[in-house]
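Peer 1: One structure coming up, written as structure tokens, with questions to follow.
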Amino acid sequence: MPRSTHLHIRPAIAADAPALAALSIQVWLSTYATEGVNELLARYVLDEFTPAAFVSWMSDPDTALLVAEAGGHLAGYARLRFGAPQELFPAASTELCTLYVQEPFTRSGVGSALLREARSTVRGRTGNGALWLTVNVRNRRASAFYEKHGFAHRGTAWFALGDGRHENHVLGAC
Ligand SMILES: CC(C)(COP(=O)(O)OP(=O)(O)OC[C@H]1O[C@@H](n2cnc3c(N)ncnc32)[C@H](O)[C@@H]1OP(=O)(O)O)[C@@H](O)C(=O)NCCC(=O)NCCS
């Protein structure tokens, strides 16, 4: 990201929904479809990341959706789910469901800015910034990012897609 581009973190609005859906599909495929795209993966992203899904998260009182805007474009977003206990990390009742930064903006502080704002949102709502999340064990970039931000390994969870089960780390931070 050029140094001159101002980054603004703000709550998502309905007009962001198409861009959020497109950005999600791009980031998800580039992160996980490392052997190409098949019908299973295509159907998953097209069903999961729809503009309607984002609009409905925006009106859900147990969800917070924060976007990172740079020069009038979305560069990334974070989605939080409140009231989501995790038995492997009982200190937290909020899940960071998604933290996606579009590739050209990675490694320029966008993810850190979104995470900072997410934790401040959690503090405002629950009185502490405790948060848990899951990350695919092969996603070393994200693991390095979360480690840098003080998240520690709390256990293992499995993500099912079709007949496959994908190992995830459960990470948590207070
Ligand atoms: C993981 C992700 C959110 C990080 O966001 P980002 O904006 O690139 O992160 P930042 O620029 O704020 O990086 C902060 C720190 O994280 C660590 N980090 C980030 N990317 C890294 C990489 N590729 N390798 C090693 N460390 C990395 C570094 O310590 C970095 O600090 P530094 O640049 O001063 O060394 C982003 O890469 C992303 O969206 N990836 C694809 C989707 C994904 O995997 N999301 C998480 C799923 S749970």
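The values are calculated or read from the model by the stated rules, or taken from the named source; none is laboratory data. Values in this document were obtained by computation on a predicted structure and should not be read as measured data. All Cβ positions, even for glycine, are placed from backbone atoms using ideal geometry, and neighbour counts span all protein chains on display. All accessible areas refer to the heavy atoms of the entire protein, side chains included, with ligands and DNA or RNA removed. Shrake-Rupley method; radii C 1.70, N 1.55, O 1.52, S 1.80 Å.
Peer 1: Over the stretch 7-173, what relative contact order in percent results from Cα pairs under 8 Å that are six or more residues apart?
Peer 2: 18 percent.
Peer 1: Mind ranking 157-166, 144-153 by how tightly packed they are, going by the mean number of other C-beta atoms within 10 angstrom, highest first? Please report the intermediate quantities before stating the final value.
Peer 2: Values: 157-166: 10.8, 144-153: 15.3.
Packing proxy ranking, top to bottom: 144-153, 157-166.
Peer 1: Label 7 Å along Cα→Cβ of residue 174; the stretch 139-155 residues with amide nitrogen under 19 Å?
Peer 2: Flagged as within label range: 147-155.
Peer 1: Here's a follow-up. Relative to the Cα centre, what is the charge dipole magnitude of the chain, using +1 at the beta carbon of each Lys and Arg, -1 at the beta carbon of each Asp and Glu, and rounding to the nearest 20 debye? Display every interim value, and only then the final one.
Peer 2: On the way: 16 positive and 15 negative charges, 142 e Å.
With only Lys, Arg, Asp and Glu charged at Cβ, the dipole is about 680 debye.
Peer 1: Still on this structure: Grab the DSSP H runs of the chain that are 4 residues or longer, score each as -39,500 (n - 2.57), total them, divide by all residues and round the 222 nm result to the nearest 500 deg cm²/dmol. Display every interim value, and only then the final one.
Peer 2: Details: 5 runs with 60 residues, N = 174.
Result for the chain, helices only: -10500 deg cm²/dmol.
Peer 1: Pulled fully out, how much extra length does the chain show between residue 161 and residue 103, if you take 0.36 nm times their separation in residues and subtract their Cα-Cα distance? Write out the running numbers ahead of the final one.
Peer 2: Details: separation 58, 0.36 × 58 = 20.88 nm, distance 2.40 nm.
This chain segment gains 18.5 nm when fully extended.
Peer 1: Now, a different point. At a 1.4 Å probe, what is the % contribution of carbon and sulfur to the accessible area of the chain? Please report the intermediate quantities before stating the final value.
Peer 2: Details: 4840 of 9430 Å².
Carbon plus sulfur share of accessible area: 51 percent.
Peer 1: Quick check: the distance between the Cα centres of the stretch 17-70 and the stretch 75-118, to the nearest angstrom?
Peer 2: If you average the Cα positions of each part, the centres end up 14 Å apart.
Peer 1: Taking 0.36 nm per residue of separation and subtracting the Cα-Cα distance, what length does fully extending residue 30 through residue 128 add?
Peer 2: Details: separation 98, 0.36 × 98 = 35.28 nm, distance 3.33 nm.
So the extension gain works out to 31.9 nm.
Peer 1: How long, wide and thick is the stretch 7-173, going by the Cα atoms along their three principal axes, in whole angstroms, largest first?
Peer 2: Largest to smallest, the principal-axis extents are 42, 37, 30 Å.
Peer 1: Still on this model: Indicate the helices, whole DSSP H runs only, in the chain that combine a mean Kyte-Doolittle hydropathy of 0.0 or more with a Cα extent along their long axis of 27 angstrom or more.
Peer 2: Numbers: long enough: none.
Going by DSSP H runs, there are no hits.
Peer 1: Tell me, what is the per residue accessible area of the stretch 7-173 in Å², probe radius 1.4 Å?
Peer 2: Details: 8650 Å² over 167 residues.
Heavy-atom accessible area per residue stands at 52 Å².
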